[in-house]
Amino acid sequence: MEIDVPISVAYTCYSDREAIPNWMPFISSVKILPDKPDLSRWSLKYKAFGRDIEFSWLARNMQPIPNQKIHWRSMEGLQNRGAVRFYPKGPSSCVVELTVSYEVPQLLAPVASALQPFLEGLLTRGLERFATFAKSYT
């Protein structure tokens, strides 16, 4: 998604893991472990497919590449990994690309075929909200 802020602003905003629930409302909380700042505990709460869905996981932020890439993988809980990549479009805009892979939890196995398009929509709307959040950050 193209975002009308400099790449450094987008990267700084996305690096603030505890702010992610501001634009990804299905993420109910992100808490960085005080003694291990590369680890964070994530909680997901959402109503979908006729049920209340709640998951949590512990994620390790991998070594970031400033203004280029933030990536993580879960250590326990809901199995997932992903990356956010930042590409410059000019001095005041950039492209933000979010990639997430996950293991379908047993609870959601009956709706697995509907899960991918559903999550893609959620993540796209989250990136749209991120664009608004990042613009207000400057």
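Odds and ends about this structure:
- The chain: angle of helix 112-137 to the longest principal axis, Cα-based, in degrees nearest 10: 30
- Shown for Asp4, Asp16: other C-beta atoms within 10 Å of each C-beta, ranked fewest to most, produce the order Asp16, Asp4.
- Residue order, fewest to most surrounding Cβ atoms within 10 angstrom, among Tyr137, Tyr11: Tyr137, Tyr11
- Among Phe26, Phe49, Phe86: highest mean-square fluctuation, GNM of the chain, C-alpha pairs under 10 Å: Phe49
- Cα gyration tensor shape for segment 68-114, rounded if a/c is under 1.5, else prolate or oblate: oblate
- Stretching the chain fully between Leu58 and Val95 yields a gain of 10.6 nm (0.36 nm per residue, less the alpha carbon separation).
- If R0 is taken as 25 Å, the Cβ-Cβ distance between Gln68 and Asp4 corresponds to a FRET efficiency of 0.85.
The numbers here are math on the coordinates, done by the rules we state, and not lab data. In this text, all values refer to a predicted model and were calculated from it rather than measured experimentally. A quick note on method: Cβ atoms are made from the backbone with ideal geometry, for glycine too, and the neighbour counts reach across all protein chains shown.
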